[in-house]
Amino acid sequence: MPAQPGLFKTLFNHYLNLPHCRWLKIYGDCSSTEPVISVDWRDELLENTDSGNIHGGVITTLVDMASACSLAALFQQFETTATLDMRIDYLKWPTANQSIHVRAHCYRQEGQIAFIRSHCFQEDENQPFALGMATFIHTPLSETEQQALQAYLQQEQAK
């Protein structure tokens, strides 16, 4: 079955509106089932000013959010998700003062388990500086939970 674009956009916006994503000023493009999540380079995101390297937690958050969004793009209804496992392999250091982007792709689902690949890049998507692998579990909500979540999300969007 095709994905539900309205549902995906709602979940995408919800994920990017989580407090830690707002603090990081994460933004994204949800125009495809392989969403791109981004953050602009800022000195406050450095692991320390001497190294000039972006904090690993920023990259981890981007990979986790992009992965969750790529899974949500496939949903027919609201579902809960949780990250079971995640690995990030760094190929090189990201270039200072350039935005960081992560594109994720859910390449396999077995029951409630989803397997997702992502790549972290800056100016050239074909030159990633890191690769991510994540495993998620997802569970459909009951009808009552669906209604409660929908009401909550509508309330959040109205703010």
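Here are some notes:
- Scanning the range 89-127 for residues that are in contact with a Cys (Cβ under 8 Å, 6 or more places away or on another chain), within 17 Å of I37 (Cα to Cα) and hydrophobic (A, V, I, L, M, F, W, C) turns up I100, V102, A104, I116.
- F78 being out of contact with any Leu (no Cβ under 7 Å at 6 or more places or on another chain) and among the hydrophobic types (A, V, I, L, M, F, W, C): no
- Residue that is nearest to the chain's Cα centre (by Cα), among those in the range 6-40 that are farther than 21 Å from K159 by Cβ and part of a loop (DSSP other than H, G, I, E, B): P35
- Screening Y27 against (1) in contact with a helix residue (DSSP H, G or I) (Cβ under 8 Å, 6 or more places away or on another chain); (2) exposed (fewer than 13 other Cβ atoms within 10 Å of the Cβ); (3) free of Cβ contacts under 8 Å to residues at least 24 places away in the same chain leaves a single unmet condition, (2).
- Count of the range 131-159 residues which are farther than 17 Å from D64 by Cα and either open to solvent by 100 Å² or more (accessible area, probe 1.4 Å) or among the aliphatic types (A, V, I, L, M) (or both): 13
- Single residue of N97, N53, N126 found to be polar (S, T, N, Q) and at positive phi: N97
- Of everything listed in (1) more than 17 Å from R103 (Cα to Cα); (2) open to solvent by less than 70 Å² (accessible area, probe 1.4 Å), the single unmet condition for H20 is (2).
- Pairing residues of the range 139-159 that are over 15 Å from L18 (Cα atoms) with residues that are part of a helix (DSSP H, G or I), at Cβ distances under 8 Å and at least 6 apart in sequence or on separate chains, gives L141/L149.
- Complete set of residues in the range 134-159 that are of a type in the set (S, T, N, Q) and either in a strand (DSSP E or B) or in contact with a His (Cβ under 6 Å, 6 or more places away or on another chain) (or both): T135, T139
The values are calculated or read from the model by the stated rules, or taken from the named source; none is laboratory data. Every value quoted in this text rests on a predicted model; they were computed, and no experiment measured them. Note that each Cβ is placed from the backbone with ideal geometry, even for glycine, and that neighbours are counted across all protein chains shown. Just the protein is used for accessible areas: all its heavy atoms, side chains included, with ligands, DNA and RNA removed. Shrake-Rupley method; radii C 1.70, N 1.55, O 1.52, S 1.80 Å.
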